[in-house]
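Beneath this line is the structure, given in structure tokens, with notes to follow.
The values are calculated or read from the model by the stated rules, or taken from the named source; none is laboratory data. Not measured: the values here are computed from a predicted model. A quick note on method: Cβ atoms are made from the backbone with ideal geometry, for glycine too, and the neighbour counts reach across all protein chains shown. The area values use the complete protein model at the heavy-atom level, side chains included, leaving out ligands, DNA and RNA. Shrake-Rupley method; radii C 1.70, N 1.55, O 1.52, S 1.80 Å.
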Amino acid sequence: MERNSHQFTYAAARALAAAALVATIAFASGPVIAAKASSEDRVEARIKDMHAKLKITKAQEDQWAKVAQVMRDNGKKMDALTQARFEKAKTKTMTAIDDLKSYGEITGAHEDGIKKFIPVFTTLYGSMSDAQKKDADALFRNAGQKMSKAENK
């Protein structure tokens, strides 16, 4: 079965956007959420899951709030861009140039999101106990491995 390049590019961009969203919200492997859950609900579930897995203490709550806000902001940005791309593709008016620009906007937003996430997470990470850091390291490492496996399928 042969696919046209637009279908492939759109599918690849959606996969990238999904991976980017996951990475942007801290590479957290969250609970399985119903397909009809909104992206906001998925982000909130990931925040809650990550909070629990990292065993955030009362003393770390202020720093955690900043991490969670960046995760929310990044999720909203990625959702808006992927939704706009999806809507434009549905109308079948997206040109190759539009497609590339949209893809660039998504990858740029992913990069910007990571750049915003790193400093707030770095501050939180610096306040963590050795056990929490070990949990964080494993959480991020395992999420990266899961993403690699998904990309190779």
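In the range 57-76, the residues that are within 17 Å of Ala136 (Cα to Cα) and assigned to a helix (DSSP H, G or I) reach residues that are modelled with pLDDT under 95 and among the charged types (D, E, K, R) with C-beta atoms within less than 8 angstrom, at least six apart or across chains, in these pairs: Met71/Arg46. Within the bounds of the range 38-54, is there any residue that is open to solvent by 60 Å² or more (accessible area, probe 1.4 Å) and among the β-branched types (Val, Ile, Thr)? No.
The residue list Thr122, Thr93, Thr57 contains one member that is at pLDDT below 95 and out of contact with any helix residue (DSSP H, G or I) (no Cβ under 7 Å at 6 or more places or on another chain), which is Thr93. Inspection of the range 106-121 identifies no residue that is more than 30 Å from Lys133 (Cβ to Cβ), surrounded by fewer than 19 Cβ atoms within 10 Å (Cβ to Cβ) and in contact (Cβ under 8 Å) with a residue 12 or more places away in the chain.
Considering the range 67-102, and only residues there that are within 21 Å of the chain's Cα centre (by Cα) and farther than 22 Å from Ser38 by Cα, the residue that is surrounded by the most Cβ atoms within 10 Å (Cβ to Cβ) turns out to be Asp99.
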